[in-house]
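Peer 1: This structure is in structure tokens; I'll ask about it shortly.
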Amino acid sequence: MANPLSEYRRKRDFARSAEPRGRRAPGERGDERRFVIQKHAARQLHYDFRLELDGTLKSWAVPKGPSLDPAIKRLAVQVEDHPVEYAEFEGRIPAGEYGAGEVIVWDCGTWQAEDEDPAAAYAAGKLKFQLRGEKLAGGWLLLRTRLGGRADQAQWLLIKEEDAAARPEADYDVLAERPDSVLSGARLDPP
Ligand code: MN
């Protein structure tokens, strides 16, 4: 697919002119998309990991939350796509409703796929990416497993890549050290 901005960019030298280069087009290598991790005190506390892709937030429920330790693989159960606006949602889902309980934005920022075609990598069940958030950074891998689970609740593993942002869990547990909302500073009441 031709990049609609390629003609605009071809004519300009952005090192010399202050004109905007323009946000990278969807699908273009290096395209930056949003990510959010919501901490959700539902019946069981968990972390909802969401990556913007193809106009929605691809979503996984991570019962134990992300770990900065590459030796630790965290189960990530795929759930339904959420609208991109959900990335800003913080608040209480009323008792009796689906997902009842408090939600805070635990981390947010942008992500960049390492693959040329992130939609294809996602469909193939192996997505390598870089996160640029307030708490999480560096390389990560989401890998779909062949373990049980229904087709619409595929089980993936969320794994930190070995890099400068990696930390052994025994030295630093990011969930315990930085428990609060990056948007409001709100702290989840213990469920
Ligand atoms: Mn949830």
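The values are calculated or read from the model by the stated rules, or taken from the named source; none is laboratory data. Values in this document were obtained by computation on a predicted structure and should not be read as measured data. Glycine also receives a Cβ, built like all others from the backbone with ideal geometry; neighbour counts cover every protein chain displayed.
Every residue, every condition in (1) touching a strand residue (DSSP E or B) at 6+ places or on another chain (Cβ under 8 Å); (2) within 26 Å of residue 188 (Cα to Cα); (3) buried (at least 16 other Cβ atoms within 10 Å of the Cβ), yes or no:
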| position | (1), (2), (3) |
| --- | --- |
| 105 | yes, yes, yes |
| 116 | no, no, no |
| 126 | yes, no, no |
| 130 | yes, no, yes |
| 137 | yes, yes, yes |
| 166 | yes, yes, yes |
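Peer 1: Ok, one more. Do you know which of the residues in the stretch 139-148 that are within 15 Å of residue 74 (Cβ to Cβ) and surrounded by fewer than 17 Cβ atoms within 10 Å (Cβ to Cβ) is modelled with the lowest pLDDT?
Peer 2: 147
Peer 1: What are the pairs, 6+ residues apart or on separate chains, where a residue within the stretch 89-100 that is touching a residue at least 12 places away in the same chain (Cβ under 8 Å) has its Cβ under 8 Å from a residue that is of a type outside the set (A, V, I, L, M, F, W, C) and more than 13 Å from the ligand (Cβ to nearest atom)?
Peer 2: 90/181; 90/184; 100/94
Peer 1: Which one of the conditions (1) in a strand (DSSP E or B); (2) modelled with pLDDT of 95 or more; (3) on the phi < 0 side of the Ramachandran plot does residue 132 fail to meet, given that it meets all the rest?
Peer 2: (2)
Peer 1: For the stretch 27-58, name all the residues that are within 30 Å of residue 170 (Cβ to Cβ) and hydroxyl-bearing (Ser, Thr, Tyr).
Peer 2: Answer for the stretch 27-58, where residues must be within 30 Å of residue 170 (Cβ to Cβ) and hydroxyl-bearing (Ser, Thr, Tyr): just 47.
Peer 1: Condition first: part of a loop (DSSP other than H, G, I, E, B) and out of contact with any Lys or Arg (no Cβ under 9 Å at 6 or more places or on another chain). Now tell me which residues in the stretch 174-191 satisfy that.
Peer 2: So the first thing to find is which residues in the stretch 174-191 are part of a loop (DSSP other than H, G, I, E, B), and the list is 178-191.
Passing the criteria: 183, 184, 185, 186, 187, 189, 190.
Peer 1: Check whether at least one residue in the stretch 105-127 is among the β-branched types (Val, Ile, Thr), in a strand (DSSP E or B), within 13 Å of the ligand (Cβ to nearest atom) and modelled with pLDDT of 95 or more, and report yes or no. If you could, list the steps in order and put the result at the bottom.
Peer 2: Taking the stretch 105-127 as the starting set, the residues that turn out to be among the β-branched types (Val, Ile, Thr) are 105, 110.
Within this subset, residues satisfying the condition of being in a strand (DSSP E or B) are 105, 110.
If we keep only those that are within 13 Å of the ligand (Cβ to nearest atom) as well, we get 105.
Remaining after also requiring modelled with pLDDT of 95 or more: 105.
Looking through the stretch 105-127, at least one residue is among the β-branched types (Val, Ile, Thr), in a strand (DSSP E or B), within 13 Å of the ligand (Cβ to nearest atom) and modelled with pLDDT of 95 or more.
Peer 1: What's the number of the condition residue 79 fails, among (1) modelled with pLDDT of 95 or more; (2) within 22 Å of residue 44 (Cα to Cα)?
Peer 2: Going through the list (1) modelled with pLDDT of 95 or more; (2) within 22 Å of residue 44 (Cα to Cα), residue 79 breaks only (1).
Peer 1: Still on this model: In the stretch 38-97, which residue that is assigned to a strand (DSSP E or B) and surrounded by fewer than 12 Cβ atoms within 10 Å (Cβ to Cβ) is farthest from the ligand (Cβ to nearest atom)?
Peer 2: 91
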